[in-house]
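Laboratory data are not the source of any read-out in this text; all were calculated from the coordinates shown. What you see is a predicted model; the values in this text were computed from it and never measured. For neighbour counting, all protein chains shown are included, and Cβ atoms are generated from backbone atoms with ideal geometry for every residue, glycine included.
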Amino acid sequence: MSLTMYLAQVTGVTAVLLVLIRNQSWILQAQVSVWALATAVIATRFGVTGQLYFFSNDQFSHVLAVNILRDFVWLRDMDFALKTMRLPYTLPAALLHEVGIEAALACKTVSLLCLLRVTNELVSRDILIGWRETITRALLGGCALIGTFFSALALRETMMMLLTTSFLRREPVVQRLLTLALLSLLRPHLAVCLAIGALIVEGHKRLCRPNQHSVFGVLAIVVLSSFVGWLLFSLLLSLSIERPLFGGHRWGIQPIIGIASNYFGLQFLTVPPETTSLPLQSLLLLRFMLFETVLIPCTFTLLIITRPHRVNHQTMLVLTSFAIYVGLITNTDFNSFRQNIPFIPAMGLAIFAMTEQRLRKSKFAVTHS
């Protein structure tokens, strides 16, 4: 497809979405407009095909999956399709591609729709708030800079943000199981960590009185949950090679520092230089531009430590699941700040619950159990 035709499709998709959300919050309309501009700039700068290698070549894999889905060849090998094709993300994109939208743009449209849904949960129409508070919620929910950036890429991050947030908001059991099933097709180890985190927190809830947390208790949960994730890596590795294994870890001070850096979205400070695609200066600049990836975990952790009496069951679920997840991904080869993004909106909801009393009246807020 030519660049002119691609830009025309971007304009058409943008117009349709703006019409559909014309009665929604202004922040949603701003996200669609910024998405259109970013999508057009990326395609103009790198080309319709070259854009698939901008930032991450996972975009190429997703577009390839969309094209395969359109030919229905994948039905002959469902096991391969379920393991590699990221069906919850690529199948909706394939449907858009079927009606004529370019494959990469179809993926980006799915990413944008997921972002709009997450943002709508953060900024509810049921609450009358000013523009400053709207921007604050979007920033602390990861839907301003980082969310809009990833929505302009053919990547599955915003869908994982949506699904993870849905699971951590304690939806009905059937819906949570469906969410885990979808996440297992997008990022299996994320689904496993969420499930184990939910089991641990449910057991903790039955054994302890609600909202009776101390600073040391919260810190102990972070340490123990990280260690659970650390051991979980061995279990998953054993299953993948089909033989018992306890190992594959790096023990000592260095991995502890690695877990801490992962927790705050600073993975590149501890990984070997040869495993990063950009120099240190560029990675620091990227963190500065997408500061939400550092700001939100820091704010979330600071509030939990300074206000443990406001840590409710759902906030504990976010904390435990995230700590398990960080402990696991520290051992993986694909360790980047993208790994943390699914938890960012849920952390934002927890921050709102601990700082804004009136948000407890909202159905989108994190409420006390």
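Through the Karplus equation 6.51 cos²θ - 1.76 cosθ + 1.60, θ set to phi - 60°, convert the phi angles of segment 99-106 into ³J(HN,Hα) values in whole Hz; use x for Gly and Pro.
Computed from phi, the couplings for segment 99-106 are 8, x, 6, 4, 4, 5, 5, 4 Hz.
How do 109-122, 313-326 rank on mean C-beta neighbours within 10 Å, highest first?
Top of the packing list down: 313-326, 109-122.
Going by how many other beta carbons lie within 10 Å of each one, how would you line up L140, L87, fewest first?
Starting with the residue having the fewest Cβ neighbours, the order is L87, L140.
Arrange the following residues from fewest to most other Cβ atoms within 10 Å of their Cβ: K83, K108.
In order of increasing Cβ crowding within 10 Å: K83, K108.
If you take the charge dipole of segment 1-155 about its Cα centre, with +1 on Lys and Arg Cβ and -1 on Asp and Glu Cβ, which of A81, I101, V32 is farthest toward its positive end?
V32
Provide R156, R176 in ascending order of the number of other Cβ atoms located within 10 Å of each residue's Cβ, fewest first.
R176, R156
Where nothing but the Cβ of Lys and Arg (+1) and of Asp and Glu (-1) is charged, how large is the charge dipole of segment 1-155 around its Cα centre, in debye to the nearest 20?
260 debye
Expressed in nm², what is the orientationally averaged projection area of the convex hull enclosing the Cα positions of segment 1-155?
9.6 nm²
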